[in-house]
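The structure appears below as structure tokens.
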Amino acid sequence: MKIGIVGVAGRMGRMLAAEVLATKGVELSGGTEAPGSEFVGVDLGTLVAAADTGLVVTDRAEAVIETTDVIIDFTAPKVTLVHAELAARHGTAIVVGTTGFSAEQLTELCKFGDGNVIVHAANFSVGVNLLLGLTEQAASILDEDYDIEIVEMHHRHKVDAPSGTALALGEAAATGREVNLDDVSTRVRDGITGPRPSGNIGFATLRGGGVVGEHTVMFAADGERFELTHKAADRGVFAAGAVRAAKWTTSQAPGYYSMRDVLGFV
Ligand code: NAD
């Protein structure tokens, strides 16, 4: 199975290339970067401190996409939508880890699942996907006496907030409570905010240092507080999950899938 990595010189792109090179039964078929990138023309092995692969970074995405079975995309929303369109045109499956999509962009991305295999997850770690399931379950059991707050921390370079994972956890909690997240969420608090509305799902965002990704879902009542926490210490967990998802695409009919589908979690 051939796997191509778009955005291969990024923090995740390099991890993904290393993971593909280390995985049996799959072959690294190419890597792309933005036009004008200093990495265009560089051997993919150089990016991951490995031996030369004979494949160089290219800015011609279509050339990689049309000759591979699946691409993995951890770039930026606008860029991912261009890649998803090219992938759909060539019948190449696509695994998307990019976060920060607007509601309109997300609708556009979902539509590519009508005729192509697309796996999209805000977080590809097994632990976070378990956390999503547990959050939904806890929210269905603990009533509105338990205030739900979602706290996340990431490295200083992250450009979107709250994180895609925090929002996915909010969706899981809202599903458990059988409410619409948009109707009950507070994404930012500042100034005289007044008392906390009952049934609200709150978010708090921390940024700093090299933190790979930490998420806590709190259920805070008068006499007790229940917390579920996940801490990622190494980007390798996301890369391993994305490559597992890429391998899984071979046996799938067209559709828009999540990592919970890949792992078989309900
Ligand atoms: P990054 O900025 O290090 O990497 C993005 C790469 O995409 C850069 O190298 C950039 O040059 C490249 N790029 C931009 N335009 C391009 C184009 N037209 N063609 C090809 N490449 C292009 O960012 P990162 O930390 O690797 O994160 C990337 C995305 O992945 C973010 O949205 C982040 O939130 C998300 N992420 C998701 C998970 C997950 O498990 N789903 C985990 C970590 C990060």
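The values are calculated or read from the model by the stated rules, or taken from the named source; none is laboratory data. Since we're looking at a predicted model, the values are computed, not measured. Reconstructed Cβ throughout: ideal geometry from the backbone, glycine too, with neighbour counts over all protein chains shown.
A few notes on this one:
- Residue in region 239-248 that is surrounded by fewer than 14 Cβ atoms within 10 Å (Cβ to Cβ) and not aliphatic (A, V, I, L, M) present: no
- Counted residues, region 64-79 - those being closer than 13 Å to Glu33 by Cβ and part of a helix (DSSP H, G or I): 2
- Output for region 46-68, where each listed residue is touching an Asp or Glu at 6+ places or on another chain (Cβ under 9 Å), more than 9 Å from the ligand (Cβ to nearest atom) and charged (D, E, K, R): Asp52
- Scanning region 206-228 for residues that are touching an Asp or Glu at 6+ places or on another chain (Cβ under 8 Å) and either within 16 Å of the ligand (Cβ to nearest atom) or assigned by TED's automatic domain parsing to the domain that holds Val70 (or both) yields a total of 5.
- Positions within region 137-165 being among the acidic types (Asp, Glu), within 14 Å of the ligand (Cβ to nearest atom) and in a strand (DSSP E or B), in sequence order: Glu152
- Out of Thr193, Thr205, Thr175, sole residue that is among the hydroxyl-bearing types (Ser, Thr, Tyr) and either part of a loop (DSSP other than H, G, I, E, B) or buried (at least 21 other Cβ atoms within 10 Å of the Cβ) (or both): Thr193
- Any hit, region 21-40, residues being in contact with a Leu (Cβ under 8 Å, 6 or more places away or on another chain), more than 8 Å from the ligand (Cβ to nearest atom) and aromatic (Phe, Trp, Tyr): no
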